[in-house]
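The values are calculated or read from the model by the stated rules, or taken from the named source; none is laboratory data. The shown structure was predicted, so the numbers you read here are calculated from the model rather than taken from an experiment. When we count neighbours, we look across all protein chains shown, and the Cβ atoms used for this are built from the backbone with ideal geometry, even at glycine.
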Amino acid sequence: MSKKVIVFGVDGLMMPLIQKFTAEGELPHISRMLEQGAATELLPYISAWGDVNWAAFISGQSPGTSWRGQALPADYSRTQPLLHKMAAQGLRAALVHFPESVAAPTPHFTLSPYWSAPEPNPHTFAAPAIFTTDAARFDASGKARQQTLGWPPSSPLAYHDKGLWQPLIGDEEGRRYRLAIRSAHGAEVTLALDVQTRTLGVDGTQVTLTPGAWSSWLPLGDIAEGGAVRFWLARFAPHTRAIEIIQSEVSYPQRLASDEALARQLIDELGPFHSQWAVKASPDEAHLASTLEDAERQSLWLAESAIRLTHQHGYTLWAAVHHLIDESHHLCLGQYDPASPFYDPQQAPRYEAVIRECYKVLDRSIGNIIDGMDDETTLLLASDHGAVPNHFMCDINRYLAKQGLVTLDANGLPVRSQSQVYLKDERGGLEIFINGDSVAPAAYGAVQDQLLHLLRSWHIEHHGQRRYAVAWAVRKEDAVGIGYWGEHAGDVLFTYDTGFVWGTSLDGEDICPVVAPGANHGPQKPTAETGHTSNYGILLAFGAGIRNGYYHDRQRHGPYRMADPGATIAHLLGVEQDTLDGAVMQALLTAGREETR
């Protein structure tokens, strides 16, 4: 046997809810990790979102070294992250549904990198969809929100709106319907639904639909390059022509991974891989059960691939990120947490129940991994950040425009060439760059000073209290203390205070209360927390080389940072750490202690 590390990454997983649900007895496998392993919280870097922090986590390097921007991998050979050091020692890593901002060239293996670019996902034939006969669905989904939250402003994510409604078209008698699966790459497949037999198919191949359940997989043939789809019959009242069918995502098996033969073997053994689902993880959704089942299938697929790739295919490190829990936090924490302005004690249990179910999905997958591990394997259950409820929306571009530093066009979008300062979509929304074409070198320091003053004084008067939007702001030359340096960093870096979230408003405010419940993480300071939620990430370690029953309390000892797990993985695998910024988390390791599991 050889040493192996499995990193089951979970977007948004937070310690307060782990502790709550384990105390309730709902998470037996995660409870075992806490009792027989070691645990700690992790301090995220800004922006407290996945792209920055997973890059730091898996590289063992701070963002100043490891992160160029969303979907822009750092120069692997120049920065020499953990994966580079592993390859130099003949070790291979498998990254499955990990952010595409991490470079993992040969000999490493990648499968379905998390896609965040505006272009169509090259690994996906068709996104999930909901086909319906109800035309009102299309009217409802097309209404503009009073506020949009998220970064970049052109692609807000805070509400996890999916916009997946598609028409289900019937014949005059209502006996047959057709639906068209449309690929963002230009192809289209039309399927026929026979109401009498409840079968749906194409080219003589069909599946039978069962109300409230997923069908078997339906191959789509050459047009999808071997991809397959399945369906959930969400509503079936043909006598009133009320039918709704949820379609799963369709992946391209031959485009999904860096090693096509290995990907095909995994798909043959585990079934098709899908990266997203159709229905939001919220109690306000009628067909939430479809998402819980779909997301659990993906989670179990990931768990099984972890064991196969490390124990049968010789990969020393396996890492993936699952996103269900983060989605439930965005959609439910705003009504679960009493600190939220939208908290209602009568409604809170509904939202808590959904979050709990998502944590239980995770727990079952962790149990599968533990059952398949050998004695030389270390399991790390980790997250990149948590979340806290939203209170106020902040539009940084509009604020800076009011101060004369940014010029906006007729649509309210910044015109970089006419602005003294600007922000970059790919850099997370907390870095301001001074435009060298508009600002003379001699005025550079003065513009920095002006930005610091404006950020530190930005506030809102609310219910008789003055609330400041920005927790702290620093010059680029001072940002080394928060892990930023180098040519890619902004000239001024800042972070919003607890409860403040980036966004835009139809009414044109630069700062105002949020109009709908929700929670966020990316814009807020990494240390943001309430009595029930926290923005800190987490690390639970279990297995080879890990202390038994140890909790590293950040209040007593200070927190570990997101680059530290990468250095610790290097230590566990015997890999050189000379190019890594992170510190080995010695307190979590046996390190000569006489401890047995």
Practice task
State whether one or more residues within region 544-562 are buried (at least 21 other Cβ atoms within 10 Å of the Cβ), of a type in the set (Gly, Ala, Ser) and touching a residue at least 60 places away in the same chain (Cβ under 8 Å).
Solution key: no
Handout entry: THR596 vs. criteria modelled with pLDDT under 95 and under 17 Å from VAL5 (Cα atoms)
Key = no
Practice task
Please list, ordered by first then second residue, the pairs with beta carbon atoms under 9 Å, 6 or more apart or interchain, first in region 412-423 and on the phi > 0 side of the Ramachandran plot, second surrounded by 14 or more Cβ atoms within 10 Å (Cβ to Cβ) and outside any loop (DSSP other than H, G, I, E, B).
Solution key: GLY412/ASN397; GLY412/ARG398; GLY412/ALA401; GLY412/THR504
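Quick grid of which residues meet (1) polar (S, T, N, Q); (2) under 30 Å from ALA87 (Cβ atoms); (3) part of a loop (DSSP other than H, G, I, E, B); (4) in the same structural domain as HIS97 (by TED's automatic domain parsing):
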{"position": "ALA278", "(1), (2), (3), (4)": "no, no, yes, yes"}
{"position": "ASP284", "(1), (2), (3), (4)": "no, no, yes, yes"}
{"position": "ALA289", "(1), (2), (3), (4)": "no, no, no, yes"}
{"position": "LEU292", "(1), (2), (3), (4)": "no, no, no, yes"}
{"position": "TRP301", "(1), (2), (3), (4)": "no, yes, no, yes"}
{"position": "SER305", "(1), (2), (3), (4)": "yes, yes, no, yes"}
{"position": "THR310", "(1), (2), (3), (4)": "yes, yes, no, yes"}
{"position": "HIS313", "(1), (2), (3), (4)": "no, yes, yes, yes"}
Practice task
Inspect all residues belonging to region 210-228 and state whether any of them is hydroxyl-bearing (Ser, Thr, Tyr), under 19 Å from ILE246 (Cβ atoms) and assigned to a strand (DSSP E or B).
Solution key: no
Fill in the blank from the handout: Subset of region 264-279, residues touching a residue at least 60 places away in the same chain (Cβ under 8 Å) and over 18 Å from TRP115 (Cα atoms), comes to LEU266, VAL279
Exercise for the section: Please report, ordered by residue number, the strands (runs of 3 or more DSSP E) entirely within region 365-478 with at least 1 residues that are in the same structural domain as ASP337 (by TED's automatic domain parsing) and farther than 25 Å from GLY499 by Cα. Expected result: 377-382
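Give ALA56, ALA87, ALA74, ALA103 a once-over and let me know the one that is without any contact (Cβ under 8 Å) to a residue 40 or more places away in the chain, over 13 Å from the mean Cα position of the chain (by Cα) and under 16 Å from TRP485 (Cα atoms).
Numbers: ALA56 fails: without any contact (Cβ under 8 Å) to a residue 40 or more places away in the chain; ALA87 fails: under 16 Å from TRP485 (Cα atoms); ALA103 fails: under 16 Å from TRP485 (Cα atoms).
On inspection, the qualifying residue turns out to be ALA74.
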Fill in the blank from the handout: Given (1) over 29 Å from THR22 (Cβ atoms); (2) in contact with a helix residue (DSSP H, G or I) (Cβ under 6 Å, 6 or more places away or on another chain), GLN418 misses just (2)
Practice task
State whether the residues of region 454-473 include one that is on the phi > 0 side of the Ramachandran plot, modelled with pLDDT of 95 or more and crowded, with 21+ Cβ neighbours inside 10 Å.
Solution key: no
Exercise for the section: Filter region 503-517 for residues that are crowded, with 24+ Cβ neighbours inside 10 Å and at pLDDT 95 or above and give the result. Expected result: VAL514
Completion exercise
For region 510-537, pairs from a residue that is touching a residue at least 12 places away in the same chain (Cβ under 8 Å) and closer than 20 Å to ALA56 by Cα to a residue that is acidic (Asp, Glu) and in a loop (DSSP other than H, G, I, E, B), with Cβ under 6 Å and 6 or more apart or across chains, are GLY537/ASP384
Problem - Looking only at region 250-271, and only at residues there that are in contact with an Asp or Glu (Cβ under 9 Å, 6 or more places away or on another chain) and either of a type in the set (Val, Ile, Thr) or in a loop (DSSP other than H, G, I, E, B) (or both), the one that is surrounded by the most Cβ atoms within 10 Å (Cβ to Cβ) - result: PRO253
Exercise for the section: Taking TYR444 as the residue in question, decide whether it is touching a strand residue (DSSP E or B) at 6+ places or on another chain (Cβ under 9 Å) and buried (at least 19 other Cβ atoms within 10 Å of the Cβ). Expected result: no
